[in-house]
Each structure stands twice: as C-alpha cells, then as structure tokens.
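Report on the structure given below.
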Amino acid sequence: MTHRPVSTAQIRVSRRKVLAGLAGVGVAAGADLLAACGSSSKPAPAIAGRGKRYGGNLQAGLTGGSSADTLDPHQGLTYLDTARAQSLYEPLVQLSPDASAVEYVLAAEMTSSDAKGTQWVIRLRPDVTFHDGKPLTSADVVYTFRRIISRGYSAAHVLTPVAAAGIKALDTLTVLLPMTRPYTTLPEQLAGILTAQIVPDGFNPARPNGTGPFTFKSFTPGQRSVFTRNPHYWQHGLPYASTLTIIDFPDTTSLADALITGQVQAAGTLDPVQVATLSGTSGIHVVVSKAGTIIPFTMRVDQPPFNDVRVRQAMRLLVDRPQLTDSALDGYGTVASDVFSPYDPDFDHALHREQDIPQARYLLKQAGQEDLTVELVTSAIATGTVAMATVLAEQATTAGVTIKLKNVPSGTFFGPDYLQWTFAQDFYNYAPYLAQVTLSMLPTSPWDETHFHDPAYISLYNQANATTSPRLRKEILYQMQQIDYSQGGYIIPAFIDTIDAYSAKVTGYAQSRIGGPLTNYGFAHFAFI
C-alpha cells in the first residue's frame, strides 16, 4: 500500500508501501554514516536489458483502483495511486530494490549538524526541473514538508520530530530541517514511506507537475491513466517508452488474461494460483520476488478479547504457519513469527514461533475465553488476504476458537471504520524496522490498527532514533522486537512473495525485496525489445 490517517479525507495514503520503491538491509547503519559525516550517491543506473529501444506505448496493469483514486502524491492509498505518483513525482530518498541501502534521488546529500541528528541539512541535485520547466529549488522542499505536516498526511508522522516553523531555505538548493528531539534516522525514515514526493511551491494536484520520468496526459479514476515521456528528465536516457498507460483491472484473473492476450505488457501483484498458467504460456515471463511484505492479522489491544495478552498469544499459537503459507499462498511466502522487517540488519532471527494447540487452549482457559468467538474483517485488498483469513479460521477450530469471517469490499474496508476494526487484516510492503514502527506501531502512527500504545516501547523507539551507536541501536531494536513478539497485536504468519509477469516483448524489470509491484513501479526502465 504503500499506508493511513484517521479521517476519511486523510485516509488516502500510500501503504503499498509503504504502497513502493523501498528496501532496507544496512539502512540503519547507513543512516548512522549519514549522520556522522554526510553522504551522497548517484542514482541507480538503468537495469540492464538486451536490445532496448526507445518508443512505444507501455501498458501496465494493476488492481485495486476505484472512483476515489487520486493524483495527489501525498494522499495515495492503492497500488494504482502509487503507480501514478511514482511515475510523475520523485522523493528526496528511497530504498534500494535489493534492500541494501538508502538511495538518493532528488537529494544529493543529507547531513546532520551534530551526532544526535538535532538539525539536518538537505542539499538538492542541481539542474533538475519540473515538467513545466521550473527548476527544482529549496523553496519546493520547504513547501512540500509544510504541506505534508500542516495537512496531517501520512508522511507527517515520519516528520513528527521536525520543528515545522523552523524549516527554511538556506540557499537555492539547500534546506535546513531543525528537530525538536534527536533524530539520527531521518534518511531511513523518509526512504521508508512513499508519500513524501516533492511537489512545486503552490502545487495544484488537479494539474500534476512533478520531476518524474513521465508527464501527465489524462486520468480516469478507477479505469486508466495515460502519461508521456518526459523529454527533459534529469536521469539522462530514461524513460524508454514514449507513452505509459496504467490500466486498472477489477481482479487478477482479468489482469492475467489481459497479459496473455497482449492488452498489457506488464501485470503486477498477481495471485499464486495464476503462476502455473502464466509460466506455461509462450511469450510470458513470470518474476517472483522474495519480498518483506506482510499481511498482518491486526488485533486491537484496547478492545476485548484482545486487551488480554493471553488471548493475543493464544491466537498466535494456534496458527500452523507452514500450512497456512502452503494453502493460502501456494507456498509463495516465507514463514514468519509475528515480527516485521526481515531484511533490516537488526532483525532478530532468533525469534521463532510454532503452532502449540495445548498451550493456546491453556491460555484461553486462563483468560476465561475457552469458547472464544470473534469476527474477522477481511477484504481482497492484497494478494492472499481472503485466503489467509479462511485458512486461519479453519485452523482456529483446533483450539476451540470460532472465527466468523466478514468479507467486505475494499472501499468499505478502507472507509470510516478503517483502523477501528477489532480484528482485521492489513498489508505493507517492506520497510526497515524503525520506519515500520513509525508507520503502524505508535500512537502517532498514520496506520495504528492495533492501538498498541506501550510507554516502554515508545521510550525505546525514541532512544533508537537518538543513538549514533550501531551496537546500542541493535540492542534497543532487539528489545522492541521482543515486545512485538510477546505483547504486540500483530499475527504475521508469513512474508509474502511478490508475483509479477511480463510480455517477452519488454525488458528492464528485475526482482525486488521491497514488495512493490513491477520492480517497485520501475516503468522508466522498461523498454520494448
């Protein structure tokens, strides 16, 4: 999803990660290096591909759009919203597709004035222009940050430590970001969210104007978007396609059919059941990425029965994780143990959980919930959500738990009751650990589904953001993950593979650990051959 604010107007936030274009091994360490001495990097080169040629109408298909789709990059919610934003606009930094580092995009450098990150200086790339020809300047970054913060968009939560009134341009290409508290992980945090793209001063979302590889031509919500090649794009040689058409499909079955018949040349986030058919079809290449995507079952810890930690632990213990991964995902996933961010260098691989029905029954009896009946709200919001819910309900019966499924349309799921469901699901593409905590595990998080507001956890989070010691941060993150594991409100049975497929007529795609569809919306690199 990129993911979400509490009001309906603000709920349009890209979660898919979160809703795309990121990753995270080594990111925390990279942030330490940035804080200590500053750093810069060149943009990643175009992905190699044989016989690439310029021109053509690249047609890409995704699912999940609706009449509520948006062109505002700060308010996107669906894969389609993010695909548009990633084509028209760009962020200061992003995470590399291989989950290895923070990559610089519009920023040329980010440095902290002291070891604790109490003040950051951002230097922009020179010679970058918006689609209307206006040069990118520090005034645009100041405007963007103030827009995000003042309107409470999802990226505002990543910028919570920023002293908004003190944001200012030091010169044409330099921005000062003062902090209200130490924040050594700013680059990682900005890279971990997909709704912080830079827009021009005085931005009007009805007239898209970004620095991205494509320029706006037309947009029909819930149907299609048409963009054209940006002839003045600062990453010389990109994009390859003359036109990019992003088409919204009602389901992955019709999307797969469109790929087979040539209606599209790229199909994103398909379901496992379609792999066999597509793999056996001439002229189609299926790409499976071992991503860090999660589809957590979310338990509100402030509402019965999940306000009792024994019930939460019992629900986790009744899950047969290998069986759920095989049955609901056709094996396209890696078994997980209720802790997120597997590619973070400080991920605790020692945390492991297996099904234990006797212990689950014991905990439920201790909690007075021997014949527990709960309603699980599910929706086809991501690959495998409904299937996972169905398998979980079946497995729960072995512990005497009855799970009643409430399958609602995605529009209802993300409607006014979103973040208020007692027991539901959600989905996130990969983000580094602290970035994911910022997004969903704090009282200030835009997507606070579990309402887990533990003072000790919050204190550890602040300590982790303040330290410049990799060793100390690792110790702190291990403590936080232990709390997630023993007390949190997430059931994370697996890390979900991303399944994309392409026509043999195009090249330039690759695998990615992040989980965003189509090489994290890497349309600029796709070319006809």
Problem set entry | Tally of residues being under 30 Å from Glu188 (Cβ atoms) and under 23 Å from the mean Cα position of the chain (by Cα) across the stretch 322-350 | 20
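Mind listing whichever residues of the stretch 223-241 are among the small types (Gly, Ala, Ser), in contact with a strand residue (DSSP E or B) (Cβ under 6 Å, 6 or more places away or on another chain) and in a loop (DSSP other than H, G, I, E, B)? Lay out the reasoning, then the answer.
At the first step, the residues of the stretch 223-241 found to be among the small types (Gly, Ala, Ser) are 225, 237, 241.
Still in the list and also in contact with a strand residue (DSSP E or B) (Cβ under 6 Å, 6 or more places away or on another chain): 225, 241.
Passing the criteria: only Ala241.
Go through the stretch 425-467 residue by residue and tally those that are polar (S, T, N, Q) and in contact with an Asp or Glu (Cβ under 8 Å, 6 or more places away or on another chain). Show your work before the answer.
Applying the first criterion (polar (S, T, N, Q)) to the stretch 425-467 yields 425, 429, 436, 438, 440, 444-445, 450, 459, 462-463, 465, 467.
Still in the running and in contact with an Asp or Glu (Cβ under 8 Å, 6 or more places away or on another chain): 440.
Going through the stretch 425-467 one residue at a time, the tally reaches 1.
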For this session: Collect the residues in the stretch 204-220 that are crowded, with 21+ Cβ neighbours inside 10 Å and more than 17 Å from Pro239 (Cα to Cα), keeping them in residue-number order.
Result: Pro208
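Could you tell me which residue of the stretch 65-117 is farthest from the chain's Cα centre (by Cα), considering only residues that are among the acidic types (Asp, Glu) and outside any loop (DSSP other than H, G, I, E, B)? Please lay out each step first, then the result.
Initially, the stretch 65-117 is screened for residues among the acidic types (Asp, Glu), giving 69, 72, 81, 90, 98, 103, 109, 114.
Those left that are additionally outside any loop (DSSP other than H, G, I, E, B): 81, 103, 109.
Values: Asp81: 12, Glu103: 16, Glu109: 23 Å.
In this case the residue turns out to be Glu109.
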Exercise. Can you find a residue in the stretch 288-303 that is surrounded by 18 or more Cβ atoms within 10 Å (Cβ to Cβ), in a loop (DSSP other than H, G, I, E, B), touching a helix residue (DSSP H, G or I) at 6+ places or on another chain (Cβ under 8 Å) and of a type outside the set (Gly, Ala, Ser)?
Worked result: yes
For this session: Could you tell me whether any residue of the stretch 465-486 is buried (at least 24 other Cβ atoms within 10 Å of the Cβ), aliphatic (A, V, I, L, M) and under 16 Å from the mean Cα position of the chain (by Cα)?
Result: no
For this session: Looking at (1) in a strand (DSSP E or B); (2) closer than 17 Å to Ala435 by Cβ; (3) of a type outside the set (Lys, Arg), find the lone condition where Leu176 falls short.
Result: (2)
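Tell me which residues, restricted to the stretch 90-123, are closer than 20 Å to Gly76 by Cβ and touching a Gly at 6+ places or on another chain (Cβ under 6 Å). Give the steps one after another, and end with the answer.
At the first step, the residues of the stretch 90-123 found to be closer than 20 Å to Gly76 by Cβ are 90-95, 97, 105-106.
Within the stretch 90-123, Glu90, Gln94, Leu95 qualify.
Within the stretch 118-168, work out how many residues are assigned to a loop (DSSP other than H, G, I, E, B) and under 20 Å from Gln189 (Cβ atoms).
Taking the stretch 118-168 and keeping what is assigned to a loop (DSSP other than H, G, I, E, B), we get 118, 125-128, 130-134, 136-137, 152-153, 158-161, 163, 167.
From what's left, under 20 Å from Gln189 (Cβ atoms): 118, 152-153, 158-161, 163, 167.
The number of residues fulfilling the criteria is 9.
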For this session: Please list, ordered by first then second residue, the pairs with beta carbon atoms under 9 Å, 6 or more apart or interchain, first in the stretch 385-411 and among the acidic types (Asp, Glu), second surrounded by fewer than 18 Cβ atoms within 10 Å (Cβ to Cβ).
Result: Glu394/Ser327
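Results for (1) touching a strand residue (DSSP E or B) at 6+ places or on another chain (Cβ under 7 Å); (2) of a type in the set (S, T, N, Q); (3) not in a strand (DSSP E or B), shown as yes or no for each residue.
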| residue | (1), (2), (3) |
| --- | --- |
| Ala396 | yes, no, yes |
| Lys406 | yes, no, no |
| Gly415 | no, no, yes |
| Leu419 | no, no, yes |
| Leu442 | no, no, yes |
| Trp447 | no, no, yes |
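Give Ala107, Ala164, Ala155 a once-over and let me know the one that is assigned by TED's automatic domain parsing to the domain that holds Pro231 and surrounded by fewer than 21 Cβ atoms within 10 Å (Cβ to Cβ). Before the answer, list the steps.
Working: Ala107 fails: surrounded by fewer than 21 Cβ atoms within 10 Å (Cβ to Cβ); Ala155 fails: surrounded by fewer than 21 Cβ atoms within 10 Å (Cβ to Cβ).
Just a single option satisfies the conditions, and that option is Ala164.
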Exercise. Given the conditions (1) outside any strand (DSSP E or B); (2) under 24 Å from the mean Cα position of the chain (by Cα), which single one is not true for Leu244?
Worked result: (1)
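When the stretch 137-154 is examined, which residues are found to be hydrophobic (A, V, I, L, M, F, W, C) and touching a strand residue (DSSP E or B) at 6+ places or on another chain (Cβ under 6 Å)?
Kept after step one, since they are hydrophobic (A, V, I, L, M, F, W, C), are these residues of the stretch 137-154: 139, 141-142, 145, 148-149.
The answer is Ala139, Val141, Val142.
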Seminar exercise, completed: Going through (1) modelled with pLDDT of 95 or more; (2) small (Gly, Ala, Ser); (3) in contact with an Asp or Glu (Cβ under 8 Å, 6 or more places away or on another chain) one by one, Ala107 fails only at (3)
Exercise. Considering Ala435, Ala501, Ala431, which residue is buried (at least 24 other Cβ atoms within 10 Å of the Cβ) and assigned to a strand (DSSP E or B)?
Worked result: Ala501
Exercise. Does the stretch 478-493 contain at least one residue that is in a strand (DSSP E or B) and out of contact with any Asp or Glu (no Cβ under 7 Å at 6 or more places or on another chain)?
Worked result: no
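The values are calculated or read from the model by the stated rules, or taken from the named source; none is laboratory data. Bear in mind that the values here come from a model prediction, so they are computed numbers and not experimental data. Cβ sites come from the backbone with ideal geometry, for glycine too, and all protein chains shown count toward neighbours.
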